[in-house]
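Peer 1: One structure coming up, written as structure tokens, with questions to follow.
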Amino acid sequence: MTRAPDVTREQRGQTKRMSVRLQCPGYPEDTLRSLADRLPCRDTQLETLLQLMGQPDQYSYPSIFIYGHRATGKSHVVLSVMKDLELPHASVDCVECVSSGLLFHQVLSAFFGPDAAALLPRCPSLSDFVRLYKQMSSNSPATQTRYIILDRAERLRDMDFSLLPALLRLQELVSDNVTVILLSEIVWEKFRPNTGCFEPLLFHFPDYSKAELVQILSWDHHPSYTPELYASYINILLGVFFSVCRDLRELRHLAVLNFSKFCEPLEKGEAKESDIHKLWKNIEPHLQRAMQTVYLREVSSVQWEQQQMDEEAATTLRVLSAHAHIELPYYSKFLLIAAYLASFNPARTDRRFFLKSHGKIRKTNFLKKHEKTSNHLLGPKPFPLDRMMAIFYSVVDSRVAPTASIFSQISSLVTLQLLSQVGHDDQLDSPKYKCSVSLDFILAISRTVGFDVVKYLYDFL
Amino acid sequence: MSEIPTSSVSKGCFVFKSASKKRKRHVGVGGYLVDDSDDNASDRFKICQKLWETVQMNTEVIQDQLNKKVLDSLAEFIKKHGLGRSSDNWRQRASEIPTAALMLGVNVPDHAMTFRSLCNLLQDSVTPFVVSVHAKECAAVKFLIQKVLEQLMEIGVSVDEEQEDDTALPQRTQCTISALCQWYKTVTKKSTKVSPQRKENSTNSDLPQSLPVVVIFKDFEAFNPQVLQDFILICSRYTQELPFIFIFGIATSPSAIQHRLPHSVSSLLCIEVFHSLSCTQHLASVFEKLILNSEFPFKLSSRVIQVLVGIFLYHDFSVQNFVKGLQFSMLEHFNSQPLSVLCCQKQEALLSAKTLSKKNVERIRHLPSFMRYVETQEPQEQVRLLTDDEHVKGVCHTLLKNLHKYHKNYYPILQCLHSLTSSLPKFPLGKHIRELHVSCIEKNLWETEEYDSALQLLRILAKDELVAALRKCAEILKSAKRMQNVLQQLDDFIGRLEALQSVSSEDSSGNGIVSGKIEYQRTDLFQLQKTLLEKESRRTRRMNPFEVLRSQVIEFIDSLVREYLTPAELQPLSEVCYYSSSGVLRQRLNVTPRTSIQAALSHPFYYLQNESLKTNSGTISSAAPDLCIVYKLHLECGRLINLYDWLEAYVTVMSAAEDQDTNSEEGGKYDSLKHARFIQAVSEMEFLGFVKSTKQKTDHVARLTWGGC
Ligand SMILES: Nc1ncnc2c1ncn2[C@@H]1O[C@H](COP(=O)(O)OP(=O)(O)OP(=O)(O)O)[C@@H](O)[C@H]1O
Ligand SMILES: [Mg+2]
């Protein structure tokens, strides 16, 4: 098991970066140094990885499983190592592999050229792949360890169930010097097939701390400003965003988007670079606004930048969720209301709400709230079509013939995802539905038709 | 067939549709019409088709006009993102894919046309690489990628391992985006080499041409979220090489995006929202162009309009369907009303009035509106109208002219009245002009309460409001040739109103308050109106010059309404142009499957048209299909039906017919054939959803419908 030793944790706190001396025989030293420089804050991971890999011609561990949160540099570190040290490798993003054949194809063409990959049969099986690999590698045996890097490896679980166990011990299967590196955001426990398999070497990439983030982000400073200025900008940015977002990619995106605003006082000559406080006062409210808009993608990045250009656009800009209103045909509205009532009221209360003379059921014993939890907390419940139609006819204010268009409106609501069908959609007999709109939405809808939906909801009695 | 010239400059293959098939179909239509050639059926068919063509043309024009703005801004968006990228490499917007969220409204049937014009526009002016995908064809990512590749590369891409049919192809393309990347590279390289004179190139020749690849998701909501997410993830890996742009066709609201895509995926997109035209606005334009138009001879009665608009508002919001309804009414009208030969442009109508057949003249005599007209004539004239065919034709000629004149006058005045009343609080005469139109053609508008209250409100308008409203009317009337007289009078009124300068200060302030308060429509308006009206009536005694003039204006408007906005029904020969069978229309367009099933089961004659099935209601004919008998018997039962009793009853009905003298010895028994037929009928009942099996009681089934016969 490889864990970052505690010593390095202390080192991280140091502002001045120590130039780490990587000692790995078999690899050119200056490449290693530049590699270490390009991967700030990942020295220990880099070192461990190189140690695991051993010398180029030595066999490495058959499979390595690297995990860690989003944007902790997993792909970046591994691929940089591969590229800079010019190791033979095949890098595959599993999300692209809609079939395992594509994966085999990519691996073979990376190692042995596209011609080799073309030899794969039409829908290659795992054994086809292994056979072809063996054949090819016997022609051109590995002088260096070959690496197969599988990004987003969690997708492998959805593919052929034998694929993952086979990949984990591919070295043994093809008897070649090959190592499979799996990259994932998910821990290994969620991968392990219940039939058991070869255990890969687990390797964790921890999240970056705030100081590390500052260090990495300051790296790509703007060419026309001093690095110090940019670093202080990054500090301010993280002061606002660190509590909600530690995703390096996202932070970098935000940094780029807002930098021009930060520099505005400098451009106008209102402040000097040393005037950090003034710059902070200028940018802070802006960043707060960004947190509620661009960060959530309520406003697109282009719109956000345009808005910075001219202040007028800022006031007219409408965020994405502001257009929540949906215009629906009259009966569709009532159908939706009926569906909502059917989803959130217990079926036994229908008599009380919808029977004109419910007489006997008195309110007191009716209100026996043995179910303490509100139905709204439990979420929508499925209901049969008949029940919804019965409610529909009792809430709609005019006589409605059961026409085909009423029924087709139900399926329209399903395609619009305002209702969702429960169970299989070829069940013709008595289909069940769920209402998937929010209370606010249904309140708005019922307001437009003058229907007081709250009066009919069991939760609000 | 060999005579068809096939000369062409380029090589190509020519498709000859089998001529025999075509002719056969044509004969089919002709055959229907020849049957009653006496009624000029083929003429009517021709008129109808011509009208339908104008309808189609007009609707397309309207759609294009209304969509122009949003489509143009979309094209602009795509140009901006597709062609002007990577200007500043310090802040390259990493891998965000520009995405347009196109809000289309819930009227899904109308979307197809919008997408078609969008595709054409983009292909003409922005990029040849436009793909549109439907959720139905993309149940998995691979199918989605396959669709995109197929449409772009215009070749078959194999995705499914099972289909072995096209293994013969030497280099099969793999169904991946990287294959697309390769293709894109070669294509763009070629096109920059071969055609450097492209429009885009000439404008910014120094930039490497990067035509964007536009993927249109036609029905965003229906897509499987997982498929979408994967596709976006994959595409975002290639943004450097392949300039993707997405368009999401969204029927509901932009929040649908956030519901379907998690932050990790939506952060890969750069989303901008575009709104397409609202369907009500679209309907209003179609209505104005096709129905409130004197150039268009075919008219709808108020009831028919209500049915069509009702379907629109209550059921589907679809303008397409509205136009289909209009088409159906046209077909019905020209098919069922022989006199519709006269329903065409004025000159043609006048011509065919001269050549009316004897039968048609007789039909004219039977038209209710014509009969009413006859009654108003002198006795001598009446006799002539009833006996002299030629005279009828002559009269017809003038009546048709009058009808056209009526329409020419009607629409401008209708628009004027609408513009006057549509700004009144609470819209006493309706918010939309179609509502006003419906009430005008159905009854005498001036006899309604709504009209009274509208006039009352007009009577308390302040001066500047009144002048503004009259100006609008004058604007409308300017385009109506026949209305110059009225326009003159109106201008005169406006002039006089403006000349009135010195309104006494007390009054002007009073009126100011009135007008000011009318603006607040939310407050207790009714109360306010009442008090104001009372105040007004109290004041009538001592009117200032403005008030005098104002009431003159109102009277003038009133007289116009009474003169020109008379109900269409009262116009002689209105039946020629007006289609009024709203019942038929409703039955055909807004079908009720359940009632049809019930009608079929209880009155099989209605559908089968077999004489032996004609029965008076209540009795059960044994000649009817088993299902009908079983159905009728089950109507007499309660919630639970005893199967044995049911069978007994069935057998009784059957054997009662077979021979009346069946003795009681056979009463308890019945042959297995009848038994089997009964069982089959019951299972058919179950299939139709009238009964279902129940565990409550053995040998019983539960009824699922209520009520008896
Ligand atoms: N230590 C680092 N120094 C410089 N840049 C880094 C570092 N770590 C990550 N990055 C940058 O952050 C981005 C995200 O990193 P990377 O793609 O490696 O994350 P990941 O862990 O693979 O995330 P995911 O699980 O989402 O694939 C990359 O563009 C990379 O350039
Ligand atoms: Mg990664």
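The values are calculated or read from the model by the stated rules, or taken from the named source; none is laboratory data. Bear in mind that the values here come from a model prediction, so they are computed numbers and not experimental data. Glycine gets a Cβ as well: all are built from the backbone with ideal geometry, and neighbour counts include every protein chain shown.
Peer 1: Please tell me if A:Ala142 is more than 16 Å from ligand 2 (Cβ to nearest atom), among the hydrophobic types (A, V, I, L, M, F, W, C) and within 22 Å of A:Gly26 (Cα to Cα). Give the steps one after another, and end with the answer.
Peer 2: Details: more than 16 Å from ligand 2 (Cβ to nearest atom): yes; among the hydrophobic types (A, V, I, L, M, F, W, C): yes; within 22 Å of A:Gly26 (Cα to Cα): yes.
For A:Ala142, the condition - more than 16 Å from ligand 2 (Cβ to nearest atom), among the hydrophobic types (A, V, I, L, M, F, W, C) and within 22 Å of A:Gly26 (Cα to Cα) - is met.
Peer 1: Follow-up question, since we're still on this one. Just give me the residues in the range B:580-617 being touching a Phe, Trp or Tyr at 6+ places or on another chain (Cβ under 7 Å) and not in a helix (DSSP H, G or I), in sequence order.
Peer 2: B:Lys614
Peer 1: Ok, one more. Please indicate, with yes or no, whether at least one residue in the range A:423-433 is crowded, with 18+ Cβ neighbours inside 10 Å and in contact (Cβ under 8 Å) with a residue 24 or more places away in the chain. Spell out how you get there, then give the answer.
Peer 2: Kept after step one, since they are crowded, with 18+ Cβ neighbours inside 10 Å, are these residues of the range A:423-433: A:431, A:433.
Those still in the list that are in contact (Cβ under 8 Å) with a residue 24 or more places away in the chain too: A:431, A:433.
Checked against the condition, which is being crowded, with 18+ Cβ neighbours inside 10 Å and in contact (Cβ under 8 Å) with a residue 24 or more places away in the chain, the range A:423-433 yields at least one hit.
Peer 1: For the range B:113-136, give me the residue count where each residue is more than 14 Å from chain A (Cβ to nearest Cβ) and in contact (Cβ under 8 Å) with a residue 60 or more places away in the chain.
Peer 2: First, the residues of the range B:113-136 that are more than 14 Å from chain A (Cβ to nearest Cβ): B:113-133.
From what's left, in contact (Cβ under 8 Å) with a residue 60 or more places away in the chain: B:113-115, B:118-119, B:122, B:126-133.
Number satisfying all stated conditions: 14.
Peer 1: Still on this structure, please answer the following. Take residues that are within 26 Å of A:Val77 (Cβ to Cβ) and more than 16 Å from ligand 2 (Cβ to nearest atom) and tell me which of the helices (runs of 4 or more DSSP H) falling wholly in the range A:202-311 contain 1 or more. Let's see the steps before the verdict.
Peer 2: Numbers: elements: A:210-219, A:227-241, A:248-268, A:276-292, A:301-309.
Fully inside the range A:202-311 and qualifying: A:210-219, A:227-241, A:248-268.
Peer 1: Return the residues of the range A:397-410 that are modelled with pLDDT under 90 and more than 10 Å from chain B (Cβ to nearest Cβ); say none if nothing qualifies.
Peer 2: Residues satisfying the conditions are A:Asp397, A:Arg399.
Peer 1: If a residue must be crowded, with 21+ Cβ neighbours inside 10 Å and either among the hydrophobic types (A, V, I, L, M, F, W, C) or in contact with a Cys (Cβ under 6 Å, 6 or more places away or on another chain) (or both), how many such residues does the range A:329-353 contain?
Peer 2: Within the range A:329-353, residues that are crowded, with 21+ Cβ neighbours inside 10 Å and either among the hydrophobic types (A, V, I, L, M, F, W, C) or in contact with a Cys (Cβ under 6 Å, 6 or more places away or on another chain) (or both) number 11.
Peer 1: Pull up the range A:60-108, narrow it to residues that are under 14 Å from A:Ile148 (Cα atoms) and aromatic (Phe, Trp, Tyr), then point me to the one that is farthest from the other protein chains (Cβ to nearest Cβ).
Peer 2: A:Tyr61
Peer 1: Keeping to the range A:124-179, report how many residues are loosely packed, with under 15 Cβ neighbours inside 10 Å and in contact (Cβ under 8 Å) with a residue 60 or more places away in the chain.
Peer 2: Within the range A:124-179, residues that are loosely packed, with under 15 Cβ neighbours inside 10 Å and in contact (Cβ under 8 Å) with a residue 60 or more places away in the chain number 3.
Peer 1: Taking A:Asp158 and the conditions (1) within 16 Å of ligand 2 (Cβ to nearest atom); (2) within 24 Å of the chain's Cα centre (by Cα), which numbered condition does it fall short on, given that it satisfies the others?
Peer 2: (1)
Peer 1: Quick check on the range A:190-235: of everything there that is more than 26 Å from the chain's Cα centre (by Cα) and among the hydrophobic types (A, V, I, L, M, F, W, C), which residue is farthest from A:Asp43 (Cα to Cα)?
Peer 2: The residue in question is A:Cys197.
Peer 1: Which ranges mark the helices (runs of 4 or more DSSP H) fully within the range B:408-508 that have 1 or more residues being touching a Cys at 6+ places or on another chain (Cβ under 7 Å)? Lay out the reasoning, then the answer.
Peer 2: Details: elements: B:433-442, B:449-459, B:463-478, B:484-499.
So the answer is B:463-478, B:484-499.
Peer 1: Here's a follow-up. May I ask you to verify whether A:Pro124 is away from ligand 1 (no atom under 13 Å from the Cβ), within 13 Å of chain B (Cβ to nearest Cβ) and touching a Phe, Trp or Tyr at 6+ places or on another chain (Cβ under 7 Å)? Before you say what the answer is, go through the steps one by one.
Peer 2: Working: away from ligand 1 (no atom under 13 Å from the Cβ): yes; within 13 Å of chain B (Cβ to nearest Cβ): yes; touching a Phe, Trp or Tyr at 6+ places or on another chain (Cβ under 7 Å): yes.
Yes.
Peer 1: For the list (1) more than 19 Å from A:Arg70 (Cβ to Cβ); (2) surrounded by fewer than 18 Cβ atoms within 10 Å (Cβ to Cβ), I need the number of the one condition that B:Val273 fails.
Peer 2: (2)
Peer 1: Within the range A:37-70, which residues are buried (at least 20 other Cβ atoms within 10 Å of the Cβ), under 16 Å from A:Ala153 (Cβ atoms) and away from ligand 2 (no atom under 16 Å from the Cβ)?
Peer 2: The answer is A:Ser63, and nothing else.
Peer 1: Take the range B:538-579 and flag every residue that is in contact with a helix residue (DSSP H, G or I) (Cβ under 9 Å, 6 or more places away or on another chain) and either within 14 Å of another protein chain (Cβ to nearest Cβ) or part of a loop (DSSP other than H, G, I, E, B) (or both).
Peer 2: First, the residues of the range B:538-579 that are in contact with a helix residue (DSSP H, G or I) (Cβ under 9 Å, 6 or more places away or on another chain): B:539-540, B:543-544, B:546-547, B:549-554, B:556-558, B:560-579.
Scanning the range B:538-579 gives B:Thr540, B:Met543, B:Asn544, B:Leu565, B:Thr566, B:Pro567, B:Gln571, B:Pro572, B:Leu573.
Peer 1: In the set A:Leu79, A:Leu87, A:Leu120, which member is assigned to a loop (DSSP other than H, G, I, E, B), under 26 Å from A:Leu46 (Cβ atoms) and aliphatic (A, V, I, L, M)? I'd like the intermediate steps shown before the answer.
Peer 2: Numbers: A:Leu79 fails: assigned to a loop (DSSP other than H, G, I, E, B); A:Leu120 fails: under 26 Å from A:Leu46 (Cβ atoms).
On inspection, the qualifying residue turns out to be A:Leu87.
Peer 1: Moving to a separate point now. Give me the pairs, please: first residue somewhere in the range B:42-68 and among the small types (Gly, Ala, Ser), second residue anywhere and assigned to a helix (DSSP H, G or I), beta-carbon distance under 9 Å, and either six or more positions apart or on two chains.
Peer 2: B:Ser42/B:Val29; B:Ser42/B:Gly30; B:Ser42/B:Leu33; B:Ser42/B:Val34
Peer 1: Could you list, in sequence order, the residues of the range B:257-313 that are touching a Cys at 6+ places or on another chain (Cβ under 9 Å) and not assigned by TED's automatic domain parsing to the domain that holds B:His111? Can you show your working first?
Peer 2: So the first thing to find is which residues in the range B:257-313 are touching a Cys at 6+ places or on another chain (Cβ under 9 Å), and the list is B:268, B:297-299, B:302, B:312.
Matches in the range B:257-313: B:Pro297, B:Phe298, B:Lys299, B:Ser302, B:Phe312.
Peer 1: How many residues does the range B:275-328 contain that are touching a strand residue (DSSP E or B) at 6+ places or on another chain (Cβ under 9 Å) and within 25 Å of B:Lys69 (Cβ to Cβ)?
Peer 2: Selection size over the range B:275-328: 3.
Peer 1: Something else now. Please indicate, with yes or no, whether at least one residue in the range A:263-285 is within 13 Å of chain B (Cβ to nearest Cβ) and at pLDDT 85 or above. I'd like the intermediate steps shown before the answer.
Peer 2: So the first thing to find is which residues in the range A:263-285 are within 13 Å of chain B (Cβ to nearest Cβ), and the list is A:263.
The next check asks that each one be at pLDDT 85 or above; those that pass are A:263.
Yes; the residues of the range A:263-285 include at least one that is within 13 Å of chain B (Cβ to nearest Cβ) and at pLDDT 85 or above.
Peer 1: Separate question: Could you please find all residues in the range B:257-310 being hydrophobic (A, V, I, L, M, F, W, C), in a helix (DSSP H, G or I) and within 16 Å of ligand 2 (Cβ to nearest atom)? Quick ask: steps written out before the conclusion?
Peer 2: From the range B:257-310, those hydrophobic (A, V, I, L, M, F, W, C) are B:257, B:261, B:265, B:268-271, B:273-274, B:277, B:279, B:283-284, B:286-287, B:290-292, B:296, B:298, B:300, B:304-305, B:307-309; that's our starting set.
From what is left, the residues that are in a helix (DSSP H, G or I) are B:257, B:265, B:279, B:283-284, B:286-287, B:290, B:304-305, B:307-309.
Listed by number, the list holds a single entry, B:Val265.
Peer 1: Does any residue of the range A:85-94 turn out to be within 14 Å of ligand 2 (Cβ to nearest atom) and surrounded by fewer than 20 Cβ atoms within 10 Å (Cβ to Cβ)?
Peer 2: To start, the set of residues in the range A:85-94 that are within 14 Å of ligand 2 (Cβ to nearest atom) comprises A:91-94.
Okay, now just the ones that are also surrounded by fewer than 20 Cβ atoms within 10 Å (Cβ to Cβ), so A:91, A:93.
The answer is yes; a qualifying residue exists.
Peer 1: Which pairs do you get when a residue that is assigned by TED's automatic domain parsing to the domain that holds B:His634, found in the range B:590-603, comes within reach of a residue that is aromatic (Phe, Trp, Tyr), reach meaning Cβ atoms under 6 angstrom, with the pair 6+ apart or on two chains?
Peer 2: Listed by first residue and then by second, the contacts come to B:Ala599/B:Tyr606; B:Ala600/B:Tyr607; B:Leu601/B:Tyr631.
Yes or no, residue by residue, for (1) among the basic types (Lys, Arg); (2) within 16 Å of ligand 2 (Cβ to nearest atom):
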| site | (1), (2) |
| --- | --- |
| A:Thr72 | no, yes |
| A:Leu79 | no, yes |
| A:Lys83 | yes, yes |
| A:His105 | no, no |
| A:Ser109 | no, no |
| A:Asp115 | no, no |
| A:Arg122 | yes, no |
| A:Leu126 | no, no |
| A:Leu132 | no, no |
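Peer 1: Report yes if A:Trp219 is within 14 Å of ligand 1 (Cβ to nearest atom), in contact (Cβ under 8 Å) with a residue 60 or more places away in the chain and among the hydrophobic types (A, V, I, L, M, F, W, C), otherwise no.
Peer 2: On the way: within 14 Å of ligand 1 (Cβ to nearest atom): yes; in contact (Cβ under 8 Å) with a residue 60 or more places away in the chain: yes; among the hydrophobic types (A, V, I, L, M, F, W, C): yes.
Against the criterion (within 14 Å of ligand 1 (Cβ to nearest atom), in contact (Cβ under 8 Å) with a residue 60 or more places away in the chain and among the hydrophobic types (A, V, I, L, M, F, W, C)), A:Trp219 qualifies.
Peer 1: Could you say which residue among A:Asp128, A:Asp160 is in contact with a Leu (Cβ under 8 Å, 6 or more places away or on another chain), assigned to a loop (DSSP other than H, G, I, E, B) and closer than 18 Å to A:Ser99 by Cα?
Peer 2: After ruling out the rest, the residue left standing is A:Asp160.
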